[in-house]
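First the structure, in the form of structure tokens, and then the observations on it.
Read-outs throughout are calculated quantities, based only on the coordinates presented, and are distinct from any laboratory measurement. These numbers come from a predicted model, not from an experiment. All Cβ positions, glycine included, derive from the backbone under ideal geometry; neighbour counts span all protein chains shown.
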Amino acid sequence: MGKKQGKKWLKSTNAEGFWRYSSGNGPIDQLRVSFPLEAEYADVVKHALKNEAMPKFSFKSEIVMTKNVLKVNEDSSVDEYFLTKTPLFWWRRDFMTRRYIQKNEYSFDVIRKSLTSDQESRYDLPSKLATRGEITLDGLRIESLSGGERCKVTRLIHIDFSEDYLGEDMMQRLLGPRWLRAFVDEYSLLSTDRDDSMSSVTSTASSISN
């Protein structure tokens, strides 16, 4: 998607997105998008509960090659393993994470973080010929507006692909905007006031850049 189409898409969704290096100068490692949604809070939360159990990190958001629930913990958090599909074989990454869900009448949160090395050592998993990546934070927040008749949705991804400086930056620039674009488009389908004219536009790295 070129800049003109990107701006049109941003206007149609009212989405605000950015990417940055979280600690100053370095490769991009953090992406965020936030947008209003003309849909009832309860319906959006229901969708999130169904879909956010599986992370969506790939060019085609529905592709996760392998995903396993390792354990449901006493605090209701869930330990997970997943292997993602990337455009180049040597970019293949797997992750071991812990997922938390918090919900009340005003907000809904899904938080996912990589397990520590000690936590990982509890699980004996066969090699998947992939480099282990680290998710510092993968967060989804849905906020109730207008008494639950509308919502504000925010997604934050802070991830380390365990790559060299240039490789890390390239992977983030190529993959990151596509993840967030796919996420916004998916949730926009729930809107009662959505613009279908942009549904066929394909995302590129320039779509949400500042």
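Structure data summary
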{"item": "Inter-probe distance in nm under a simple model that places probes 7 Å from Cα toward Cβ, at V78 and L125", "result": "1.5"}
{"item": "Most to least packed among 30-36, 145-151, 42-48 [average Cβ atoms within 10 Å]", "result": "30-36, 42-48, 145-151"}
{"item": "Peptide ranges 95-102, 113-120, 14-21 listed from the most packed, as the mean C-beta count within 10 angstrom indicates", "result": "95-102, 14-21, 113-120"}
{"item": "Order by protection proxy (mean Cβ within 10 Å, highest first), peptides 67-78, 179-190", "result": "179-190, 67-78"}
{"item": "Interchain or long-range residues, amide H under 5 Å from D29's placed H", "result": "R20, Y21, S22"}
